[in-house]
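Shown next, in structure tokens, is the structure this report addresses.
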Amino acid sequence: MSTTTTSPRRPSPLSSTLTERRLPRWTPLATLLGAIVLAVVVGMVFSIQSKLQWALLAAIFFVLGQYLLARLVEGRRQAKNGLITSLVWVAFMLALLPLFGLLYYTISKGIGVISVDFLTHSMNEISPNQTGGGVYHALIATLEQVALATLFAAPIGILTAVYLVEYGNGRWLAKAVSFFVDVMTGVPSIVAGLFILTFWIMILNMQYTGFAGSLALTILMLPVVVRSTEEMLKLVPNELREASLALGVPKWLTVVRVVLPTAIGGITTGVMLAIARIIGETAPMLMLVFGTDLINTNPFKGPQSSLPLYVYQQYSAGTPASQARAWGGALVLIALVMLLNLVARGIARWKAPKASR
Amino acid sequence: MDIPDTAPPHDVPPTNDSLADAPRRGSSASGGEPSTTSTISGRGVVRIGDRLFSGASRGSGIVLLVIMAAIAVFLTIRSVHAISADQGNFLTTFEWNTQDGAPLVFGIAVLAFGTLVSSLVAMLLAVPVAIGVALFISHYAPRRMAQALGYVVDLLAAVPSIVYGLWGALFLVPHMLGVNAWLNQYFGWTYIFKQEMPGSQPRSLFSVGIILAIMILPIVTAVTREIFLQVPKMHEEAALALGATRWEVIRTSVLPFARSGIISASMLGLGRALGETMAVATVLSPSLILSLHITDPGGSTIAQNIATQFGEALGTGRDALIASGLVLFVITLLVNGGARLIIARRKEYSGANA
């Protein structure tokens, strides 16, 4: 394809563009190095302090240099192509910088705080100025609240998804549920907290408990579970359902024994990812669980703490010791979320080959 | 889905132990008598299990609708209570006085302004970068690297907002000092970046916008990348065959296909930025000043105001916060509903699946 051998007399326009002059493959690297050197020189000459500005200068020089080179050698269209390529790379770097900066900073600040003591002690009788204390009470409370929320949200969510996929058939109720699931995904966590506050605490006159917090988490978790389960159920091949029904199996048993087991890997993954999403919710906890420094293992009675709430409270206390604890709590939280994510992906991968035919 | 609601009936429903021997049992039960008529006109047989299960699943769907309705109803009831006690105009008042003793005067104006401005800053910063990153993952990066990056973006989307808030308050804010001074010096003429109080702590709406931008970046990227990957390969290859450069392929076949998807991804990000509480509450030093100088400290957002005022508010003060929460609920409802409608409309006329 690269050379046209058919008509040597008259080269076609296509072949002329293919054989146009091109910059060698190492040009971007060279330009990058040049841009960095130039940025360093400019930075030194104008004595710019911030390293961030040096990086930005380098990026600008790189994009401009690439564009001008391509413009001179390869022509306008190729130059524009190159310009966009550089911009996409720059956007990528720009995005990675803060995101990995965040992870790195949290880990480096938090790793020094975490110890066995930190994980196994509460904040009982520890004033903000003192070092010591730990996340044990918050960790226990968060795990209980999330477990309760999962207990409510997973069955309701999965059944709703079953309704949408197996029984909905485009009825108006299914359409309404589907639309409101989407809308519910966007309900801010603080609004969910306010709702539970009005309904559960102000109208039904209940206490501030971990249970109230888990009710708010349920609202936040439901739409995520419904959406992911629905996607998974849609992936189950129709032939399986038809085969089962043709054998005379009732519809509900078909769903319970054929459809759900086929999709169970995906459903589990979805639930785990939903847990990972709600485990870090702070705003509703701020209003509902009241927060305590003591260990309270009963989510139905008395105030509890919560890991994200703990991070916020320690940050707000404002002393170096408490802020160090905040970083420690944040690291524990991130570790939990990452663990849930990895386990979820693991389940997805482990179950995937069986589902594919 | 074209599965009949009623399966052919049996006298003995198959039990749980094995599905394989179901037909044998069915045929033996029907015996010698002609079973054809009963299978055709056998609509009357309704199993308890079927009825229970479909009832339970339909019931769950209804529970979900009831929750949504209950959120709207209960918040509205308390809000009406609060607004009727409000001495000022709820929509235009700047103050937020809900302490006992003093006359109740509160309004949503400054809060709504702060919410919109910070979210707008976040959108302006995050969406172009997110599109760039999504393009990078879907079209520019080497394939193996792209898959790993996809995972990383998903992981980052799961980092809790309180961690972003902590990082924003303790790392980003000190580093914004120089940026703000620079913006003030060279872009002060735009009014927006002018600082009334140069050198003040940059706990401003602009810093909030930046931390929100970083927060919504992964989610916008993830959704946009999904859309980019759905672009029919045929379209791209057709463009390539006509001699298009990579950028021309993207401009002529990828972006037109993905336009509505990009819009809805941005609106999902916007919805998240509007409702974000903790990252704002940690970064901002709130004040009820309405100012377009976004690098000056101050301003307030609805969600942040609820979180910071909640501890002190009692009685009608709480109702006032609930009223502001209702406003936030309605705003996010409109934004998210709009985004979903755009996606739904796109599904209908994108018949291209190659």
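List of remarks:
- Extension gain for A:T131 to A:M338 (0.36 nm times residue separation, less C-alpha to C-alpha distance): 71.8 nm.
- For chain A, the 222 nm mean residue ellipticity estimated from helices alone, with every DSSP H stretch of n ≥ 4 adding -39500 (n - 2.57) and the total spread over all residues, rounds to -23000 deg cm²/dmol.
- Ordering A:320-329, A:215-224 by mean Cβ neighbour count within 10 Å, with the highest value first, yields A:215-224, A:320-329.
- Average beta-carbon neighbours from other chains, 10 Å sphere, peptide A:272-285: 4
- Computed FRET value (nearest 0.05) for A:E231 with A:A30, which takes r as the C-beta separation and R₀ as 60 Å: 0.85
- Angle in degrees between helix A:51-73 and the longest Cα principal axis of chain A, rounded to the nearest 10: 40
- Per-residue Cβ neighbour counts within 10 Å put B:T316, A:T31 in the sequence B:T316, A:T31, beginning with the fewest.
- Inter-label distance for A:A324 and A:N124, nm, one decimal - labels placed 7 Å from Cα along Cα-to-Cβ: 2.3
- Spin-label pair A:L56/A:L68, simplified geometry with 7 Å Cα→Cβ offset, distance in nm: 2.1
- Under the Karplus curve 6.51 cos²θ - 1.76 cosθ + 1.60, θ = phi - 60°, whole-Hz ³J(HN,Hα) for region B:117-130, x wherever Gly or Pro sits: 5, 5, 5, 5, 4, 4, 4, 4, 7, 7, 5, x, 5, 4
- Charge sum, other residues only, whose C-beta stays under 14 Å from A:G132's C-beta, Lys/Arg counted +1 and Asp/Glu -1: -2
- If R0 is taken as 22 Å, the Cβ-Cβ distance between A:R171 and B:L52 corresponds to a FRET efficiency of 0.70.
- Label separation (A:S47 vs B:T76): 6.6 nm, computed from points 7 Å beyond Cα along the C-beta direction.
- Radius of gyration over Kirkwood radius for region A:167-307, both on Cα atoms: the Rg/Rh ratio is 1.10.
- Here's the list of lysines a cross-link from A:K351 could span, going by alpha-carbon distance under 27 Å and ignoring same-chain residues fewer than 8 apart: A:K234, A:K251.
- Helix A:76-110 axis, angle to chain A major axis (alpha carbon atoms, nearest 10°): 40
- Choice from A:S86, A:S178, A:S47 with maximal GNM fluctuation in chain A (Cα, 10 Å cutoff): A:S47
- Candidates A:P155, A:P188, A:P250, ranked by Gaussian network fluctuation over chain A, Cα under 10 Å, top entry: A:P250
A short reminder: the numbers here are calculations on the coordinates, not readings from a lab. Since we're looking at a predicted model, the values are computed, not measured. Cβ: placed from backbone, ideal geometry, glycine included. Neighbour counts: every protein chain shown.
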